[in-house]
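This is the structure I have questions about; it appears just below.
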Amino acid sequence: MIAAIWGSGFVAQRAGMETLGPLSFNAARFVLAILSLLPVWWYQRQRLQRETEQTVEYGTVFWAGGLLAGTVMFAGFTLQQMGLQYTTAGNAGFITSIYIVLVPLLGLLLGQTTRLSTWVGVGLAVVGLCNLSIAPGFTFKQGDWLEVLGSFFWAVHVLTLGWLSPRLKDLVGLSILQFVVAACWAIITAQWLEQPHWADFVTAAVPLLYSGFIVSGLGFTLQLVAQRTVSSSVAALILSGEAVFALIAGWLFLGEDVGSKQLFGCSLMLAGMLISQWPEKKQIPLTSLDA
């Protein structure tokens, strides 16, 4: 369900930019995401206080981590939204999903090990990306370049949250903080570069409400619930389906062309994502079998 929500969100993002610039659209969706998460945060905070019988405190890790996560998320969303002005929702969905492959690669810088399957997945994803996005004459589309750059920020964002999550109890509060930081950046830059009008936000109300409340607010909350019982590898494997739903949604609602070349490129990229995140089989000790 989360993959379907996030994948269909690319359609809403493109539709919203018919009247709003990318920075203005993001500023509004961030504010709506904050409003949608506030009730969840209040409930979670009260539950944590009842369970621990202590007041939830927020230290340096929380505030510094939220500032970093929000800044990186702002960069990722900005590049993604700007790229959607020059590429299709399907392309944007698949290229953005490369972060699933980039996460273990960037993890090498942090001393994390990388499996052979990850390198196979990277190779397939790169070939698929080239087949999907390189136009005749070997020119890479401008929007696709922006989406590729944005995928690096999404990978950094995943690693940042991966480091913060075990160290913090109030994850919903962290999410709100990062949305607040991202909203501040978006509002400042939108006022400076775009100067939107209230009528533009009213016209784009439906895409904004879907992106803010459903894609950001509901999607994040469902992810928190789901990952209580689903491992990170399996979750990443399922969430890679976001790219497929983006392609389908772009075809259904925006009338985007999907030819055999695009399908082949998307298939290679999806195969790379799946292979890179496929869970390893754990060997059962012989002593356990004997028992």
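The values are calculated or read from the model by the stated rules, or taken from the named source; none is laboratory data. Being a predicted model, the structure only gives us computed values, none of them experimental. Heads up, the Cβs are rebuilt from the backbone with ideal geometry, glycines too, and the neighbour counts pull from every protein chain shown. SASA here: full protein model, heavy atoms, side chains in, ligands and nucleic acids out. Shrake-Rupley method; radii C 1.70, N 1.55, O 1.52, S 1.80 Å.
Kindly indicate the residue of the stretch 173-189 that is over 21 Å from Trp154 (Cβ atoms) and surrounded by 17 or more Cβ atoms within 10 Å (Cβ to Cβ) and also modelled with the lowest pLDDT among those meeting that condition.
Checking each candidate, the answer is Gly173.
Pick out the one residue from Gln262, Gln227 that is open to solvent by 40 Å² or more (accessible area, probe 1.4 Å), under 19 Å from the mean Cα position of the chain (by Cα), modelled with pLDDT under 80 and not basic (Lys, Arg).
That would be Gln227, the only listed residue that is open to solvent by 40 Å² or more (accessible area, probe 1.4 Å), under 19 Å from the mean Cα position of the chain (by Cα), modelled with pLDDT under 80 and not basic (Lys, Arg).
Among the residues in the stretch 7-19, are any in contact (Cβ under 8 Å) with a residue 24 or more places away in the chain, under 22 Å from Leu171 (Cβ atoms) and open to solvent by 30 Å² or more (accessible area, probe 1.4 Å)?
No: zero hits.
When you check Leu252 against the structure, is it part of a helix (DSSP H, G or I), under 20 Å from Ala92 (Cα atoms) and either at pLDDT below 75 or open to solvent by 100 Å² or more (accessible area, probe 1.4 Å) (or both), yes or no?
Answer is yes for this residue.
Does Ser232 meet the test of being open to solvent by 50 Å² or more (accessible area, probe 1.4 Å) and either at pLDDT 85 or above or under 22 Å from the mean Cα position of the chain (by Cα) (or both)?
yes
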